[in-house]
Amino acid sequence: MSDAELTMTIGGRAVRAPRSFPIVDPSTGEVAAHAPAAEAEHVEDVMAAMAAAQPAWAAETADGRARVMRQGADAVAASIDEIARLSTLELGAPLAFSKGLVTGVISALRYFAGCEVAGEVLSDSESERVEVLRRPVGPVVAITPWNVPAYMMGLKIGPALAAGNCVVVKPSPYTPLATLRVGEILREVFPAGVLNVVSGTDELGPMLVDHPVPRKVTFTGSIPTGKAIAAAAAKDLKRVTLELGGNDPAILLDDVDVEAIAPKLFWAAFTNSGQVCIAIKRVYVPAHLHDALVDALVGLVPSVRLGSGLDESTNMGPLQNRAQLDFVAALVEDAKAKGATVAAGGRPEDRPGYFYPPTIVAGAAAGMRVVDEEQFGPVLPLVPYTDLEDTVAQANHRYFGLGASVWSGDLDRAGAVADRLEAGQVWVNTHQSTLGFSQPLTGVKHSGLGVEKGRWGLETFTELQTRYVSRA
């Protein structure tokens, strides 16, 4: 790939920048491409473009917007293999997984194109008509994370565009390539200024959030960055949707079939090398089942083919960046120092790239970083317990509240425990399962603010307007 291939999209135009920044292939640790680094002038240009395009896009009929969105989905679908290879180059994930991420853009555009932004009539009489309408919130800044970039782009632009808002997407500086390419494709479909994509380093996000033109910021990423965005947006009373960190617990009850559920637990923890916000991050297992679960999970490790995502035999790629690799390794060393046992894996692979094998940490406990923090990597701590009440309290401890699951052969018992878990998503006998874009995604406590997906997410890109017509 030449450095000049990918461009930003601003006001319907291909835009390059005087500077670029390197993109590392995590399977080799070597620079594989460069991306344009937006500067202050590009921020001003994109804001002007959105401000100019917003009135016409907001005034367009819902059917008209839907027609353009479906055309955009078709255009992305025609290039899915190319975009997926870019995604694997920057993310390291298996090609099939990357293709699924691009399918997320396609599916989001199609799903939200079919959604109605509905109002409600409160009164309709001879003397008056009172209705509540939903109006576009205005230009939107969408900031996406490095772990599933193309999918998150779709999740954010789908409802924003359907509701009648212009959008600028800023991907992570670690993984901008697939997002830039989708922007190139969609600028040939959408009216100029409606959909924009800019890339850059750490200073770009604050420039976009602080600008007076946007009326909403939607962000997925870390809790500290989410807090900073919320504080910055508050200065201008911008609306925010924040999907932040998770440390999802899985609670196994004492009647589970360990052999039957082990593969489900394994891949709910290790898909995308554990770099999934709603992956299982800690397992609470009855003490008498702990060793059997360790054996069952360790027995699945040989099924993992760790390697380049471009290799068709690979089913687990590297961690995306060096900092994440070092962080995950530090968590495992802390657990070992505090008395846990590494039953499988436990150290970085001795090869180029950022490879860390699937790691099972047995005998983990509260107070170990690997239990208390979100590891966001291929490490699964198993916490033995004897007191279910205390376990529920541990699962709810601290500020995480994104996802959680309960596993049992008795659905009533599992449901009773699920009712007590403080999380935006709670599953029984599964984890990470979703209904595509129709199911809301939300976090409680520090794991999120607002909602994404479904009609609930769509409505967050609107403002309510009450309209009163007097017929007297």
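The values are calculated or read from the model by the stated rules, or taken from the named source; none is laboratory data. Remember, it's a predicted structure, so these values are computed and weren't measured experimentally. Positions of Cβ are backbone-derived with ideal geometry, glycine not excepted, and every protein chain shown enters the neighbour counts. Areas reflect the complete protein model, heavy atoms only, side chains present, ligands, DNA and RNA absent. Shrake-Rupley method; radii C 1.70, N 1.55, O 1.52, S 1.80 Å.
Observations on the model:
- Expected-Rg normalisation [2.2 N^0.38 Å, Cα atoms] applied to the stretch 171-247: 1.19
- Figure note: Lys336, Lys281 ranked by solvent-accessible area, largest first, 1.4 Å probe, ligands and nucleic acids not counted: Lys336, Lys281.
- Across all Cα pairs in the stretch 1-139, the calculated P(r) in 10 Å bins from zero up to the longest distance comes to 10, 24, 32, 21, 8, 4, 1, 0 percent per bin.
- Net charge over other residues, Cβ less than 14 angstrom from the Cβ of Gly246 (K, R count +1; D, E count -1): -3
- Where Rh is the Kirkwood radius over Cα pairs, Rg/Rh for the stretch 128-200: 1.10
- Cα-centred dipole magnitude for the stretch 255-356, charges only on beta-carbon of K, R (+1) and D, E (-1), debye, nearest 20: 320
- Helix 322-337 vs. the chain, principal-axis angle (Cα, 0 to 90°, nearest 10): 30
- Candidate lysines - alpha carbon under 28 Å from Lys216, same-chain residues fewer than 8 apart omitted: Lys156, Lys170, Lys227, Lys235, Lys238, Lys445, Lys453
- Under the simplified labelling scheme, the Ile80-Ser303 pair shows an inter-label distance of 2.5 nm, with each label point 7 Å from Cα along Cα→Cβ.
- Alpha-carbon centroids, the stretch 185-252 and the stretch 12-50: separation in whole Å: 17
- The stretch between Asp257 and Ala393 holds 46.6 nm of extra length on full extension. This uses 0.36 nm per residue minus the Cα-Cα distance.
- The stretch 86-119 and the stretch 385-405: distance between their alpha carbon centers, rounded to Å: 32
- Net length gained if the chain between Arg13 and Ala472 were fully extended (0.36 nm per residue, minus Cα distance): 160.1 nm
- The chain: angle of helix 40-59 to the longest principal axis, Cα-based, in degrees nearest 10: 70
- Paramagnetic reach from Glu5 in the stretch 303-334 [backbone N under 15 Å; point 7 Å along Cα→Cβ]: 310
- Three-way shape label, the stretch 31-111, alpha-carbon gyration tensor, a/c 1.5: oblate
- Under 5 Å, built H, 5+ apart or other chain: amide partners of Arg305: Asn315, Met316
- Only Lys, Arg (+1) and Asp, Glu (-1) charged, at Cβ; the stretch 329-431 dipole about Cα centre in debye: 300
- Only the Cβ atoms of Lys and Arg (+1) and of Asp and Glu (-1) were treated as charged; on that basis the dipole of the chain about its Cα centre amounts to roughly 980 debye.
- Three-way shape call for the stretch 280-334 based on the alpha-carbon gyration tensor, with the a/c threshold at 1.5: oblate
- Convex hull volume per residue, computed on the Cα atoms of the chain, equals 148 Å³.
- Rounded to 10°, Cα long-axis angle of helix 80-91 versus longest principal axis of the chain: 60
- Relative contact order of the stretch 195-241, taken over Cα pairs closer than 8 Å and 6 or more residues apart, is 41 percent.
- Over the stretch 131-245, relative contact order from alpha-carbon pairs under 8 Å, at least 6 apart, %: 28
- Net charge contributed by nearby residues that have their C-beta within less than 13 Å of Gly403 (K/R +1, D/E -1): -1
- Scanning residues 5 or more positions from Gly12 or on other chains, those with amide H under 5 Å from its amide H are Gly193, with H placed 1.01 Å from N in the peptide plane.
- Stretched out straight at 0.36 nm per residue, the stretch from Gln71 to Asp419 would grow longer than its current Cα-Cα span by 121.0 nm.
- Sorting the segments 52-60, 145-153 by their residues' average number of neighbouring beta-carbon atoms within 10 angstrom, most packed first, yields 145-153, 52-60.
- For Lys338, the lysines whose Cα comes closer than 20 Å to its Cα, not counting residues fewer than 8 places off in the same chain, are Lys281.
- Mean projected area in nm² (Cα convex hull; one quarter of hull surface) for the stretch 285-372: 6.3
- Using the Cβ-Cβ distance between Glu349 and Asp124 with R0 set to 56 Å, the FRET efficiency works out to roughly 0.25.
- Sorting 439-452, 16-29 by average packing, meaning the other beta carbons within 10 Å per residue, from highest down gives 439-452, 16-29.
- Evaluated at q = 0.31 Å⁻¹, a Debye calculation over the C-alpha positions of the stretch 1-58 (equal weights, vacuum) places log10 I(q)/I(0) at -1.21.
- Look at the alpha carbon pairs under 8 Å that are at least 6 residues apart: their mean separation over the length of the chain gives a relative contact order of 19 percent.
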